[in-house]
Amino acid sequence: MLYLHSAGHAHPSNTISNDFLATLVPHASPDQILRRFGILYRRSVLALSYIRETLNQDSKRAQDVASHTPTTLAVAACTMALERAGLRGQDIGLVLANCCTPLQTMPAEEQRIAILAARLRVSII
């Protein structure tokens, strides 16, 4: 039987508003963007100045200027989940991770999370 003790989350601090997006797209307004996508704002690991300058067209450079990686955000979320549940890493039998933008496919995201967590002296698995 699988029991979910807790969940955690982490997100970068940079906020991309519809107002900001409207400045990047000719003839677009914040209201049009909201009606089309139904989203008020998004979070990004990229600085708004970088997005404005490059329109994020160079994925390699984006990795270099990002404030976080998927792995560092995952470690923060895992740490929050453990603290909320009052558990230690040794108490956990399974860690599920989902990443739609991995930096690489091998090793798996879960392995990178475990490696980084060990370096930060945070035990998550």
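We did not get these values from a lab; they are worked out from the coordinates using the rules stated. Please read all numbers here as calculations on a predicted model, not as lab measurements. Cβ atoms come from the backbone with ideal geometry, glycine included; neighbour counts cover every protein chain shown.
Phi-derived couplings, Karplus 6.51 cos²θ - 1.76 cosθ + 1.60 at θ = phi - 60°, listed residue by residue for the range 15-24: 10, 9, 8, 5, 4, 5, 4, 5, 6, 8 Hz, with x used for Gly and Pro.
Across all directions, the average projected area of the convex hull around the alpha carbons of the range 1-99 is 8.6 nm².
Taking square-rooted eigenvalues a ≥ b ≥ c of the alpha carbon gyration tensor, is the range 14-65 rounded, prolate or oblate, where a/c under 1.5 means rounded and, failing that, a/b exceeding b/c means prolate?
On the way: a/c = 2.55, a/b = 1.84, b/c = 1.39.
Prolate, since a/c reaches 1.5 and a/b exceeds b/c.
Could you tell me the calculated FRET efficiency between residue 55 and residue 96, based on Cβ-Cβ distance and R0 = 30 angstrom, to the nearest 0.05? After rounding to 0.05, the efficiency reads 0.35. Applying 1/(1 + (r/R0)^6) with R0 = 25 Å to the Cβ-Cβ distance of residue 84 and residue 17, what FRET efficiency is obtained, to the nearest 0.05? Rounded to the nearest 0.05, the efficiency is 0.25. Label sites at residue 31 and residue 4, each approximated as a point 7 angstrom past Cα along Cα to Cβ, lie 3.8 nm apart.
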